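Data first, discussion second: the structure below is written as structure tokens.
Just so it is clear, none of the values below were taken in a lab; they were calculated from the coordinates. In this text, all values refer to a predicted model and were calculated from it rather than measured experimentally. Quick reminder, even Gly has a Cβ in these numbers, built from the backbone with ideal geometry, and neighbours come from all protein chains shown.
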Amino acid sequence: MTPKQQALYALMENAGYSIGCIHTAIALLGQSREALDDMIIYIEDHQPTEREVIEHIADISRPAPL
């Protein structure tokens, strides 16, 4: 696990998110440093619910329109 992935994992774990939510976030965002940074900032700034985290993952995972 990269340092960014470890940071997101620890942040989500400390915030009380379920292990399923944490593993899903790492699996889907883990290859993109920018996406990991975005999610870390989002969680720190907004303290979102698990549903909001999943919605945010979907938003940042969508390809940009042509």
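Structural remarks
- For the pair residue 27 and residue 44, the difference between a 0.36 nm per residue extended length and the Cα-Cα distance amounts to 4.1 nm.
- Charged-residue dipole, Cβ positions (Lys, Arg, Asp, Glu), the chain about Cα centre, Debye nearest 20: 220 debye
- Relative intensity of the chain on a log10 scale, I(q)/I(0) at q = 0.12, 0.13, 0.17, 0.21 Å⁻¹, equals -0.25, -0.30, -0.51, -0.78, per a Debye sum over C-alpha point scatterers of equal strength in the absence of solvent.
- Theoretical gain in end-to-end length, residue 54 to residue 19 [0.36 nm per residue, Cα-Cα removed]: 11.3 nm
- Between 0 and 90°, nearest 10: helix 50-61 axis offset from the chain longest Cα axis: 30 degrees
- Helical contribution to [θ] at 222 nm, DSSP H n ≥ 4, -39,500 (n - 2.57), averaged over the chain, rounded to 500: -24000 deg cm²/dmol
- Compared with the dominant principal axis of the Cα atoms in the chain, helix 3-15 is inclined by about 60°.
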